[in-house]
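First comes the structure, then the notes that go with it.
The values are calculated or read from the model by the stated rules, or taken from the named source; none is laboratory data. Everything quoted here is computed from the prediction, not taken from an experiment. No Cβ is skipped: glycine too gets one built from the backbone with ideal geometry, and neighbour counts run over all protein chains shown. With ligands, DNA and RNA removed, areas are computed over all heavy atoms of the protein, side chains included. Shrake-Rupley method; radii C 1.70, N 1.55, O 1.52, S 1.80 Å.
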Amino acid sequence: MFEFVKEPQRALLIGSKKIDGSPYSVKQFQKFKKIFHERVKYLSFFEQHRYENSQTHYHYSVDNDTWTLFSEYAKSENGRYIQVKDLKKLKECFHNISIAKGDRLFIGENEITVKDAPELFQ
């Protein structure tokens, strides 16, 4: 990636989870996170899904420089999927979330601010 974007100012990392079929997922994410922290000034990340039955889909809009994420999780193998539609469910979905200075977080139309969740913002 750094061959295409020589000096990126911002980045977004999403992913990893502990599952039997993918024993390196968390370790690989940690390596990417370390490299990105060294090379990118502002890094936001959504790190390690809490549940094996979870997923995040994403879309990037060049026109307005915006990422749209859709995350959902099921607490058990046969459980109903819970869509992340509020701050409580977002925190339940991931082990670690960090929003870089200058980035903004919205859930639906509602902006989540430092006042709402200071632990998420760098």
If you take the residues of region 60-73 that are of a type in the set (D, E, K, R) and assigned to a loop (DSSP other than H, G, I, E, B), which of them is farthest from Ile19 (Cα to Cα)?
-> Asp63
Taking Glu119 as the residue in question, decide whether it is touching a Phe, Trp or Tyr at 6+ places or on another chain (Cβ under 8 Å) and in a helix (DSSP H, G or I).
-> no
Tally, over region 2-24, of residues that are farther than 23 Å from Arg104 by Cβ and either part of a loop (DSSP other than H, G, I, E, B) or modelled with pLDDT of 95 or more (or both) = 11
Could you tell me which of the residues Ser76, Ser54 is farther than 18 Å from Gly102 by Cβ and either part of a loop (DSSP other than H, G, I, E, B) or among the β-branched types (Val, Ile, Thr) (or both)?
-> Ser76
Looking at (1) farther than 21 Å from Asp65 by Cα; (2) under 15 Å from the mean Cα position of the chain (by Cα); (3) in a helix (DSSP H, G or I), find the lone condition where Lys27 falls short.
-> (2)
Which condition does His59 not pass, out of (1) open to solvent by 40 Å² or more (accessible area, probe 1.4 Å); (2) in contact with a strand residue (DSSP E or B) (Cβ under 8 Å, 6 or more places away or on another chain); (3) on the phi > 0 side of the Ramachandran plot, if it passes all the others?
-> (3)
From the options Ser61, Ser54, Ser44, residue that is touching a helix residue (DSSP H, G or I) at 6+ places or on another chain (Cβ under 7 Å), among the polar types (S, T, N, Q) and under 26 Å from Thr113 (Cα atoms) | Ser54
Quick one: how many residues across region 93-122 are open to solvent by 40 Å² or more (accessible area, probe 1.4 Å) and more than 22 Å from Gln9 (Cα to Cα)?
-> 9
Got at least one residue in region 79-90 being within 18 Å of Gly15 (Cα to Cα), in a strand (DSSP E or B), in contact (Cβ under 8 Å) with a residue 24 or more places away in the chain and among the aromatic types (Phe, Trp, Tyr)?
-> no
Subset of region 15-43, residues over 23 Å from Gln122 (Cα atoms) and open to solvent by 100 Å² or more (accessible area, probe 1.4 Å), comes to Lys18, Asp20, Tyr24
Subset of region 59-78 that is touching a residue at least 24 places away in the same chain (Cβ under 8 Å) and under 16 Å from Arg104 (Cα atoms) - its residue that is farthest from the chain's Cα centre (by Cα) | Trp67
